[in-house]
Amino acid sequence: MAAAALLAVAHDANAQQRQRQQRASGGWQICNETSYVLEASTGRPDGRAILVQGWTRLRPGECRLAVAAPLARGTHYLYARTSNAHRGGRRQWGGDAVLCVDPGSPFTIENPPQCAAMGLEARNFRRVQINKRETWRTSFAEAQPFTLSRARQAGLQRLLDDAGYDIREGRRGVDPRRIAQAIAQFRASARLQPNASENQLIDALETAARRRSEQVGLTLCNRTRARVWTAVARRRGEGWESRGWWPLAAGGCVRTLDEVLIQDVYYVYAALESEEGPRLLAAGGEPFCTSPARFAILGRERCSDRFYDTAIFTPISARNRDGLVVDFEDRDFLEPGVTPREVTSAASRTVPDVVDDEGVRRGLPPPTAQEQHGSGDE
């Protein structure tokens, strides 16, 4: 209890000092009043263009200078995403203004008319009207409002949980002693110096949480030279769920499920773009419901009656594995216009486990029966 109280008092003093320094520096400050580590991107007017920059990393309870003074009066733009260290998928803060970003690297660009032509991706930014030239402040918040100090404490708790430390709440809420014990245990296991700052603690926890997250769940990777559209399906309770879309540029990866894989079989869909039309997975599989727009669909029956499309998803064995990486290679896809075969449920669930020692499936198993050829699209 004393350790937790001391930590809170020290943080309050440090937070007040940081806020005084930030107010003195001027410019556009962006603040993280959430329990997540955030990565933010900004857009600002630059003549007739919009200059987009990213990524500014914000620890929970932290403010950073996004644009130095003097500020241009008028519409600015702001977007943020959570660090991929956090479980539950990436959360986003944005609006209705579409700007381009480089999702994987720091960048500074003049926003182009088309994102894909420049190898960039579109994101929905929030519009921020700035009326002062010297100082302006915008905060990211959760549904449950936090002060900066409370956001920092909640962020530490979230990172401890993401890193695998048990800090479950009791009847009276989170026990400060449990948090203090978990922090002490992590400092020892991470070999942090006794005088390591709270920022260093958060950074080390984020690294540990990211490393843990990479070892669980279902990750899809595009090892071709073209864009691949992906979706996944799995059993949920007594029923089924299909979910998509995740577009993957060449060399890109996405973690579609970020929890321990508890089922023996999961299902994946992938369509490789080509000039002649989409190329579908050769391995075949079972039908699930999809939609042209982003979707999360419960059930796999009567897709057309519910105004959904139907697509063939390939079964993937995850037997005795907490996590799995699936690599899509060019050889895994049929020629354009060829329809993958549909197999019976019983056959598709006896999937050979052809995963290497690192938990990576190097491509998909070849079809074991003659392919059904057709002339239509999926």
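Per-structure values
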quantity: Trypsin sites (Lys or Arg not before Pro) within region 213-243, DSSP loop, no more than 12 other Cβ atoms inside 10 Å; calculated: ARG225
quantity: Cα centroid separation - region 279-329 against region 193-231, whole Å; calculated: 25
quantity: Rough spin-label spacing in nm, given labels placed 7 Å along Cα→Cβ, for ARG57 and ARG150; calculated: 2.7
quantity: Stretch gain in nm, segment ARG48-GLN114, where the contour uses 0.36 nm per residue and the Cα spacing is subtracted; calculated: 22.1 nm
quantity: Computed over region 23-180: relative contact order in percent, which uses C-alpha pairs under 8 Å that are six or more apart; calculated: 31
quantity: Two-site FRET efficiency, ARG133 against GLU238, from Cβ-Cβ distance with R₀ of 51 Å, rounded to 0.05; calculated: 0.25
quantity: Mean-position separation - Cα centroids, region 47-69 and region 30-46, in angstrom; calculated: 6
quantity: Global form of region 203-322, assessed from the alpha-carbon gyration tensor, a/c cut-off 1.5; calculated: oblate
quantity: Sequence-separation-based contact order of region 269-329, relative, with Cα cut under 8 Å and 6+ spacing, percent; calculated: 32
quantity: Contour excess over end-to-end distance, with Cα ends at ASN199 and GLU276 and 0.36 nm allotted per residue; calculated: 22.5 nm
quantity: Gain in span if fully extended, ARG302 to ALA141, counting 0.36 nm per residue against the direct Cα distance; calculated: 53.9 nm
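Values quoted throughout were computed directly from the atomic coordinates according to the rules given, and no laboratory measurement underlies them. Given the structure is predicted, the values throughout are model-derived calculations rather than measurements. Note that we place each Cβ from the backbone using ideal geometry, even for glycine, and neighbour counts take in every protein chain shown.
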